[in-house]
Amino acid sequence: MADPVDDGAGHVERCAWANSAPEYVRYHDEEWGRPLTGDDALFERVCLEAFQSGLSWITILRKRPAFRAAFAGFEIDAVAAFTPPDVERLMADAAIVRNRAKIRAAIGNARAAQQLPEGLSDLLWSFAPAARPPRPRTLAEVPATTPESVAMARELKRRGFAFVGPTTAYALMQATGMVDDHVAGCFRASSAEHL
């Protein structure tokens, strides 16, 4: 991917949501929409998207280092081994989002991920659309769900995952590059067109 291109007036064209905080700029420029694979890496994203439900993404980005420390780097086997005292430890950790249902879901999702014969990465990527839809021109054209995210959420729930509705699944797909929703005009969209 290309580096951000300054328009000469000190402005870099990005997706509009990315300009409101330095954490968003870094996340947009370095991470959002880039293909991500690996069971533990995708498990982290499933967990963070679930914790974000009902909150702003900036809250999760700011707490991400604490989440990584509290959840053993999001190693599936380590989180799957968490016990009730770990739940209480996490509930007492003010550096993360202290929501008992979401904490229990993260542990349950780790256990569900252990049971996937194909692995979490392969399962999630099996829902990536075969063809890229037309690039959105504005944020208003970006959907909240797609048939693929509905199917992904349904299959994850069938396999024992929680806090993985269609909107959360689509946000996961966007964040991990399964879809590319950088709007036209964004420097990341321009550089992706040349791949």
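The values are calculated or read from the model by the stated rules, or taken from the named source; none is laboratory data. Source: prediction; values computed, not measured. Cβ coordinates were reconstructed from backbone atoms using ideal geometry, including for glycine residues, and neighbour counts include every protein chain displayed.
Here's the yes/no breakdown for (1) polar (S, T, N, Q); (2) under 24 Å from Leu55 (Cβ atoms); (3) surrounded by 15 or more Cβ atoms within 10 Å (Cβ to Cβ):
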| position | (1), (2), (3) |
| --- | --- |
| Asp122 | no, no, no |
| Arg135 | no, no, yes |
| Leu139 | no, yes, no |
| Thr146 | yes, yes, yes |
| Val150 | no, yes, yes |
| Pro166 | no, yes, yes |
| Val179 | no, yes, yes |
| Phe187 | no, no, yes |
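Would you call Glu23 of a type in the set (Asp, Glu), exposed (fewer than 13 other Cβ atoms within 10 Å of the Cβ) and over 15 Å from Thr176 (Cα atoms)? No, not satisfied.
When we screen Leu55, Leu36 for residues that are exposed (fewer than 15 other Cβ atoms within 10 Å of the Cβ), part of a loop (DSSP other than H, G, I, E, B) and of a type in the set (A, V, I, L, M, F, W, C), the only hit is Leu55. When Ser53 is tested against (1) within 30 Å of Asp77 (Cβ to Cβ); (2) modelled with pLDDT of 95 or more, exactly one condition is not met: (2). Listed by position, the helices (runs of 4 or more DSSP H) contained in segment 65-119 that have at least 3 residues being without any contact (Cβ under 8 Å) to a residue 24 or more places away in the chain and farther than 18 Å from Ala41 by Cα are 84-91.
Of all residues in segment 17-33, which are assigned to a helix (DSSP H, G or I) and hydrophobic (A, V, I, L, M, F, W, C)? Within segment 17-33, Trp17, Ala18, Val25 meet the criteria.
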